[in-house]
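The values are calculated or read from the model by the stated rules, or taken from the named source; none is laboratory data. Worth saying up front: this structure is predicted, and the values here are computed from it rather than measured. Cβ: placed from backbone, ideal geometry, glycine included. Neighbour counts: every protein chain shown.
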Amino acid sequence: MGAPTATQSQLHARHRAEQPTRSAGRNLQLNSMALMLSSVVTGVLGLAFWGAAARLFPADQVGVASALISTAIMLSTLSNLSLGSMFERFLPVAGHRAGPLLIKGFAAVATLAFVSAVGLIVLGPRDTLFENKLEIAIYPVFVVVLALFALQDQTVSGLGVARWAASKNVFHALAKLLAVVVLAASGSALAIVASWGVTAAIAVMALLTSMGLRIRSDPRYRQAPALPSNKELGVYFGSSYGISALGAIAPLVVPLIVVTRVGTAANAYFAVTWSIVSALYIMVNLMVGPFVAEAAAHPDKIVSLSRRFVRTIAVIAVVGGLGLAFVAPLALGFIGAEYRAEGTPLLHLAAVFVPLAVIGAVYDGLARVYRRLTLAVVTQCLATVVIIVGSLVFSASVGVAGVGWAYLAAETLTAVILAGPLISWLRRLQNRAKWERWLAKNSANQKPMWQVSDVDA
């Protein structure tokens with residue numbers, strides 16, 4: 001066989017150049033689809049969990065358990081120190097420093113989670129949240145487990161295997177459902193909490209083992225790191241932590257507002273309904289992590305990755321919003337007529353404000369890639385204030401639905417602030433895509449110099 005022609009050589013070169021794009025795109029799609037499917041499954045199983053709890057336990061015990069779990073989740077989120085976002089963005093370029101960074105990060109999060117839980121016990125509404133000393137004793141351990149559980153989601157995104165988080169979350173959703181049924185005979189809030197916490201601990205240990213194997217086996221974690229300066233990392237950390245901390249405050253406070261303003265029974269209705277809403281909320285926000293990780297690992301592929309990211313997250317939010325409006329109320333009806341009556345107004349409001357959240361999610365993803373988070377911090381601060389104040393004002397008059405009105409106001413404000421900058425970013429990406437296509441077209445049509453010389457000779 002003769003030597004390859006110039007055209008064949010060009011095609012081979014273009015093929016090699018396109019392979020990373022398709023590889024990054026495939027990995028983004030695989031991780032995104034896995035997270036999407038797991039969110040659907042965990043949402044259904046989460047509804048089944050609270051539905052089983054509502055049928056098998058007294059309503060006041062369900063309300064107490066949901067408040068304990070909600071506060072533990074939010075404390076665990078605050079304790080994450082935004083390290084999950086740091087790992088998403090910088091693990092792809094951390095090289096041989098990835099392992100030590102993960103060990104230090106997870107140890108710091110576990111310590112802060114324990115201290116935060118003890119602080120809530122000492123300074124918080126202990127008599128409202130806890131019914132006995134055993135609940136108080138296990139609560140710090142529960143928060144530590146949930147903190148590590150949450151941190152793993154973003155960490156494995158940074159490792160390029162967000163689908164592992166999907167598997168972990170599905171396992172936990174199924175295991176805790178089985179556990180709450182088995183422990184139903186006790187009839188106590190502690191049994192519901194234990195069903196959640198013990199199964200989460202098992203999932204955490206299994207995934208920690210897999211993460212260690214990933215670090216030791218992947219060649220890129222034996223390379224030299226390509227991290228930015230400590231100053232740049234510090235600025236990113238501060239902004240990212242501000243977003244995470246502010247975003248965690250409202251979900252921490254809102255269940256307490258519902259308990260104190262409407263009652264524990266109403267909080268049971270809220271918890272069951274919000275488990276459906278939060279599943280879609282989580283699904284939308286989980287899409288950001290794989291995008292940030294792939295864009296950090298392949299910065300030259302930002303245009304194609306952004307296009308895929310925007311398309312995927314928009315479809316998920318719109319379809320999910322329709323599901324909240326028309327399907328979710330029927331699901332609540334299977335649990336009980338009172339759950340459907342109390343929860344349907346909140347679901348209808350969520351069908352509007354969750355799709356609006358796409359604007360903030362897409363902006364957040366691009367802001368993390370470009371390391372420009374100031375506006376995102378300011379917006380999150382305003383949204384947090386609106387949610388808390390709105391929940392206080394509206395829940396007193398319209399009950400559980402008041403939380404929905406507060407979130408709708410917050411997401412509308414966020415969309416108004418971020419729409420302009422986001423459109424500007426997307427236009428730049430579109431112009432960059434046109435420029436790259438023009439360069440590729442001219443490069444493909446241009447004959448190499450050696451071939452021209454042969455013809456001229």
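Just a few scattered comments:
- Screening T21, T7 for residues that are surrounded by 14 or more Cβ atoms within 10 Å (Cβ to Cβ), more than 20 Å from the chain's Cα centre (by Cα), modelled with pLDDT under 85 and in a helix (DSSP H, G or I) leaves exactly one candidate, T21.
- Residue in segment 103-120 that is at negative phi and within 17 Å of the chain's Cα centre (by Cα) present: no
- Filtered residues of segment 217-226 (kept if surrounded by 15 or more Cβ atoms within 10 Å (Cβ to Cβ) and modelled with pLDDT of 90 or more): Y221
- Check on G212, within 18 Å of R371 (Cα to Cα), small (G, A, S), part of a helix (DSSP H, G or I) and within 24 Å of the chain's Cα centre (by Cα): no
- Cβ pairs under 6 Å, 6+ apart, first in segment 424-449 and in a helix (DSSP H, G or I), second at pLDDT 75 or above and aliphatic (A, V, I, L, M): W425/L366; L429/V303; R432/V303; A433/V303
- Any hit, segment 272-291, residues being crowded, with 19+ Cβ neighbours inside 10 Å, more than 18 Å from the chain's Cα centre (by Cα), on the phi < 0 side of the Ramachandran plot and not hydroxyl-bearing (S, T, Y): yes
- Residues that are within 16 Å of A67 (Cα to Cα) and under 29 Å from the mean Cα position of the chain (by Cα), drawn from segment 124-141: G124, P125, L129, F130, E135, I136, I138, Y139, P140
- Filtered residues of segment 305-353 (kept if closer than 30 Å to R220 by Cβ and surrounded by fewer than 20 Cβ atoms within 10 Å (Cβ to Cβ)): R307, R308, R311, T312
- For A107, the criteria (1) surrounded by fewer than 24 Cβ atoms within 10 Å (Cβ to Cβ); (2) at pLDDT below 95; (3) hydrophobic (A, V, I, L, M, F, W, C); (4) outside any loop (DSSP other than H, G, I, E, B) hold in every case but one, which is (2).
- Pair list, Cβ < 9 Å and 6+ apart or interchain, from segment 237-254 residues that are without any contact (Cβ under 8 Å) to a residue 40 or more places away in the chain to residues that are surrounded by 20 or more Cβ atoms within 10 Å (Cβ to Cβ) and of a type in the set (A, V, I, L, M, F, W, C): G238/L373
- Selection within segment 360-383 - out of contact with any Asp or Glu (no Cβ under 8 Å at 6 or more places or on another chain), touching a residue at least 60 places away in the same chain (Cβ under 8 Å) and either within 17 Å of W274 (Cβ to Cβ) or charged (D, E, K, R) (or both): D364
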